[in-house]
Amino acid sequence: MESYIYLDNAATTKMKPEVFAAMKPFFEEQYANPASAYGFAGKVNSFVDEARDEVADFLGAKSREIYFTGGGSESDNWALKGVAEANRKKGNHIITSKIEHHAILHTCEYLEENGWEVTYLDVDENGFVDLQQLEEAIRPETILISIMFANNEIGTIQPVKEIGRIAHEHNVLFHTDAVQAYGHVPIDVEELNIDLLSASGHKIYGPKGVGILYVRTGVKIHSFIHGGAQERGRRAGTSNVPGIVGFAKATKLAKEHMQEDGAKEEQLRDYFIAKVQEEIPFALLNGDPKRRLPNNISFCFQFIEGESLLMLLDQKKIYGSSGSACTSGSLDPSHVLLAIGRPHEIAHGSLRLTLSDETSKEELDVVAEELAQIVDRLRSMSPLYEDFMKKEKTA
Ligand SMILES: *Cc1c(COP(=O)(O)O)cnc(C)c1O
């Protein structure tokens, strides 16, 4: 394979060879349906149990509180729809934020069409929800607060523990979309007052199409997929055994390497951010400089289009994103960048680079250099920039 620089790890990651190796026997040899009655199946089922234990241990949860799903989007859908339906007698109000992933936002819109009310909290210029605004938004009929752990576009890490504390003081359930945070920052569901949590395999060097929903014991939630008795009858369908085993292996690797990898990525992240701020004028960092994911870099470059930037980076075999893989292809600027107060024209000039544990300083030096040249070139063709510079001179 020819060389390229992959900096879109928030969209998906390359699976670790160890994860693939752990999964392989469950395609080729241990292929029995774990729900079947003979010993061959029971053996396979014991690996599913082990996987559940591994994940539970990582989150400080009990094994019976971990449900395997078909990925992050499914977990988000299930958490919201399942809690909404099961708690309808108590109330019909949900609180979320304006910067959630579309798996949350579009599910909320669906619930609104079906009789639920949703409050979308603002965030400040760094992407934080306001705890006072959160508390004021709670009504007697509020059943659920769903706020993401860390944002997929700008990397900001929310004050999750305080959000959970406020939720519980008001007897409201707290769900967090932790797809970007799981395996990257420590999470303990007890300590952080979390009732439901979504995570996904392919964001942590694991397989695509498998995720988890953590559901605290006692939380009222409807089943999501009706059918067989898998996942305690709440998420039917023959277990995705290779996926489940792969998810657990990726979790185990994250547990072992999270601290070291995180520290290394954080250093590279800050190195790159400083370099860009030094070398490229009119570059605005998106998200909080400190309380952000170790691997997230997000900028808006004034006077240029993120799409052109991506295209020219692509020509150099540098792969980034203009925000979210889910919004690319649409011409609307990112809802996250608008929510942190970037004007439309500036939000359009966004670039997100997300590192992996394999990203090197050498790669980032190459990217910084190419980026500076590309930004320069695009600005030299921009009438907006020309106008701006003229005004600067006469001012
Ligand atoms: C990727 C992502 C999802 C969706 O997860 P899938 O497994 O791809 O369905 C949800 N929320 C966030 C924050 C994400 O980054």
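When a/c is below 1.5 the answer is rounded, else prolate if a/b is larger than b/c, else oblate, so apply that to the chain with a ≥ b ≥ c taken from the square roots of the Cα gyration tensor eigenvalues. Present the calculation step by step, with values, prior to reporting the outcome.
Details: a/c = 2.26, a/b = 1.40, b/c = 1.61.
Judged from the Cα gyration tensor, the chain comes out oblate (a/c at least 1.5, b/c at or above a/b).
Over the chain, with a Gaussian network built from C-alpha contacts below 10 Å, which listed residue (98, 90, 255) shows the highest mean-square fluctuation?
90
Where does the charge balance sit around residue 335 when Lys and Arg score +1, Asp and Glu -1, over other residues with C-beta under 10 Å from its C-beta? If you can, show how the numbers build up before the last one.
On the way: positive: 98; negative: 100, 153, 332.
My count for the surroundings of residue 335 gives -2.
What distance in nm separates the simple spin-label points at residue 373 and residue 208, each placed 7 Å from Cα in the Cβ direction?
Calculated label separation equals 3.2 nm.
Go through 69, 106, 37 and say which Cα lies farthest out towards the positive end of the charge dipole of the stretch 30-165; charges sit on Cβ, +1 for Lys and Arg, -1 for Asp and Glu.
Result: 37, furthest along the dipole toward the positive end.
How much of the DSSP bridge set in the stretch 17-254 is antiparallel, in percent, rounded to the nearest 5?
40
What is the calculated FRET efficiency for residue 139 to residue 277, with r their C-beta to C-beta distance and R₀ = 45 Å, to the nearest 0.05?
Numbers: r = 43 Å, r/R0 = 0.95.
Efficiency at R0 = 45 Å is approximately 0.55.
Using a 1.4 Å probe on the protein heavy atoms, what percent of the accessible area of the chain belongs to carbon and sulfur?
Using a 1.4 Å probe with all protein chains present, the chain comes out at 51 percent carbon and sulfur.
If I take R0 = 35 Å and measure r between the Cβ atoms of residue 236 and residue 109 in this structure, what FRET efficiency does the formula 1/(1 + (r/R0)^6) give, to the nearest 0.05? It would help to have the intermediate numbers written out before the result.
Working: r = 26 Å, r/R0 = 0.74.
Plugging the Cβ-Cβ distance into 1/(1 + (r/R0)^6) gives 0.85.
Roughly how many whole Å is it from the C-alpha centroid of the stretch 108-124 to that of the stretch 260-300?
32
Show that you can apply the helix-only estimate: for the chain, add -39,500 (n - 2.57) for every DSSP H stretch of four or more residues, divide by all residues, and state [θ] at 222 nm to the nearest 500. Display every interim value, and only then the final one.
Numbers: 13 runs with 166 residues, N = 395.
Result for the chain, helices only: -13500 deg cm²/dmol.
What is the extension gain from residue 4 to residue 40, computed as 0.36 nm multiplied by their sequence separation minus the C-alpha to C-alpha distance, in nm to one decimal?
On the way: separation 36, 0.36 × 36 = 12.96 nm, distance 4.38 nm.
Computed gain between residue 4 and residue 40 is 8.6 nm.
Might you tell me the accessible area per residue for the chain, computed with a 1.4 Å probe and given in Å²?
On the way: 17460 Å² over 395 residues.
Computed with neighbouring chains in place, this is 44 Å² per residue.
Can you tell me the orientation of helix 102-113 relative to the chain, as the angle in degrees between its alpha-carbon axis and the longest Cα principal axis, to the nearest 10?
Approximately 70 degrees, to the nearest 10.
Just need the relative contact order of the chain here, percent rounded to a whole number, with Cα pairs under 8 Å and 6+ apart. Please report the intermediate quantities before stating the final value.
On the way: 746 pairs, mean separation 85.5, N = 395.
Reported relative contact order: 22 percent.
Using a 1.4 angstrom probe with every protein chain in place, what is the largest-first accessible-area order of 293, 338? If you can, show how the numbers build up before the last one.
Working: 293 5, 338 65 Å².
Largest accessible area first, the residues go 338, 293.
Which values of log₁₀ I(q)/I(0), to two decimal places, follow from the Debye formula for the stretch 256-359 at q = 0.14, 0.17, 0.23 Å⁻¹ with a uniform point scatterer at every Cα?
Reported log10 I(q)/I(0), two decimals: -0.55, -0.81, -1.34.
About the Cα centre, and with charges only on the beta carbon of Lys, Arg (+1) and Asp, Glu (-1), how big is the dipole of the stretch 67-175? Nearest 20 debye, please. Don't skip to the answer; put the middle values down first.
Details: 8 positive and 18 negative charges, 105 e Å.
For this selection, approximately 500 debye.
Report the full-extension gain for the segment residue 332 to residue 170: residue separation times 0.36 nm, less the Cα-Cα distance, to one decimal in nm.
On the way: separation 162, 0.36 × 162 = 58.32 nm, distance 3.67 nm.
Fully extending the segment from residue 332 to residue 170 adds 54.7 nm.
So how many Å³ per residue does the convex hull of the Cα atoms of the stretch 252-295 work out to? Walk me through the intermediate numbers first.
Working: hull volume 2.9 nm³, N = 44.
Spread over its residues, the Cα hull of the stretch 252-295 gives 66 Å³ apiece.
By the scheme Lys and Arg +1, Asp and Glu -1, what is the net charge of all other residues having a beta-carbon under 14 Å from that of residue 62?
On the way: positive: 52, 64, 216, 232; negative: 49, 53, 54, 57, 65, 188, 190, 195.
Result for the neighbourhood of residue 62: -4.
Taking amide H atoms as placed 1.01 Å from N in the peptide plane, list the residues 5 or more away in sequence, or in a different chain, whose amide H sits under 5 Å from that of residue 318.
5
To make sure I understand the rule: partners must be lysines, Cα under 28 Å from the Cα of residue 81, and not fewer than 8 residues away in the same chain. Which ones qualify?
Output for residue 81: 62, 89, 90, 98, 161, 203, 208, 220.
With every protein chain kept in the model, how would you rank 393, 317, 220 by accessible area, 1.4 Å probe, largest at the top? Walk me through the numbers on the way to the answer.
Working: 393 175, 317 65, 220 125 Å².
These residues rank, largest area first, as 393, 220, 317.
Report the relative contact order of the stretch 141-215, percent, no decimals, based on alpha-carbon pairs under 8 angstrom and at least 6 residues apart.
27
Place a +1 charge on the Cβ of each Lys and Arg in the chain and a -1 charge on the Cβ of each Asp and Glu, then give the dipole magnitude about the Cα centre in debye, rounded to the nearest 20.
Numbers: 41 positive and 60 negative charges, 198 e Å.
Computed about the Cα centre, the dipole is about 960 debye.
The values are calculated or read from the model by the stated rules, or taken from the named source; none is laboratory data. The shown structure was predicted, so the numbers you read here are calculated from the model rather than taken from an experiment. Quick reminder, even Gly has a Cβ in these numbers, built from the backbone with ideal geometry, and neighbours come from all protein chains shown. Remember, those area values only see protein heavy atoms, side chains included, never the ligands or the DNA or RNA. Shrake-Rupley method; radii C 1.70, N 1.55, O 1.52, S 1.80 Å.
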